[in-house]
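The values are calculated or read from the model by the stated rules, or taken from the named source; none is laboratory data. Since the model is a prediction, treat every value here as computed from it, not as a measurement. Cβ coordinates were reconstructed from backbone atoms using ideal geometry, including for glycine residues, and neighbour counts include every protein chain displayed. Note: areas computed on protein heavy atoms with side chains; ligands, DNA, RNA excluded. Shrake-Rupley method; radii C 1.70, N 1.55, O 1.52, S 1.80 Å.
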Amino acid sequence: RCGSATPARSVNKTRLLIAGIVAFAAVLGFWLWYAQRHPLGYTLYPVDLRVYRDGGLIVRQISPPYDGKLANPLYDWPLNNQALKFTYTPFAALFFAAVSFVPWSILPRLSQLANLVALVVATWCTMRALGYRDRRVLAGGGLLGAAAGLLAEPAFRTFYLGQINLLLMALIIWD
């Protein structure tokens, strides 16, 4: 038999994949339906994403207005009616400088898409770390985990505020 799966095990792996696809599609479909039926502020208020982008713009010396007289221009810039200042490392600001090239009109939704992909990657990598190797099991378990994650408040808050938590989580788990 040399590594061949029994028919029952193969069916169970396929069922897990189907369950993962159905659960993920249902949760994602509900979220999209909810987003379409409510004002944008109910599902997206990317205040953190704006801070990241502004930090990148400051590094590129574009906007908010750069003031070279400040001791630390990256950290001392005017609030521009924002309650949050840039509090991340200068290295992070270099990464955000690349992100700042993306127009603001599409950046919040692109951020949500990147976080969604990161959530699936994190759950896939978690399944691999648990010892699973079959692609159907990895995909099914990963999609089930991502569906559960989408229902959790921390993931929703990350999507809502435009944070990078899920991206960092995926990188750490992958590592």
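List of remarks:
- Counting 0.36 nm for each residue step from Ala71 to Arg37 and taking away their Cα separation leaves a gain of 7.6 nm.
- What the Cα atoms of the chain give is an Rg and a Dmax of 20.3, 74 Å.
- The phi-based Karplus calculation (6.51 cos²θ - 1.76 cosθ + 1.60; θ = phi - 60°) puts the 3J(HN,Hα) values of the range 40-54 at 3, x, 7, 10, 7, 9, x, 5, 5, 4, 5, 5, 4, 4, 4 Hz, whole numbers, x for Gly and Pro.
- Here the Gaussian network model covers the chain, with springs between Cα atoms less than 10 Å apart; of Ala139, Ala118, Ala92, Ala92 fluctuates the most.
- Solvent-accessible surface (1.4 angstrom probe) belonging to Trp33, in square angstrom, nearest 10: 130 Å²
- Cβ-Cβ FRET estimate between Val117 and Phe91, R0 fixed at 22 Å, reported to 0.05: 0.45
- Surface share of carbon and sulfur [accessible, 1.4 angstrom probe, percent] for the chain: 66 percent
- Over the range 116-156, accessible surface divided per residue gives 51 Å², non-protein components excluded, 1.4 Å probe.
- Cα long-axis angle, helix 7-37 against the chain (0 to 90 degrees, to the nearest 10): 30 degrees
- Here the Karplus relation 6.51 cos²θ - 1.76 cosθ + 1.60, evaluated at θ = phi - 60°, turns the backbone of the range 131-143 into coupling constants of x, 7, 10, 5, 4, 5, 5, 4, 5, x, x, x, 5 Hz, with x for every Gly and Pro.
- Per-pair calculated FRET efficiency, R0 = 25 Å: Trp104 and Arg157 via Cβ, rounded to 0.05: 0.75
- Helix 90-99 axis, angle to the chain major axis (alpha carbon atoms, nearest 10°): 80 degrees
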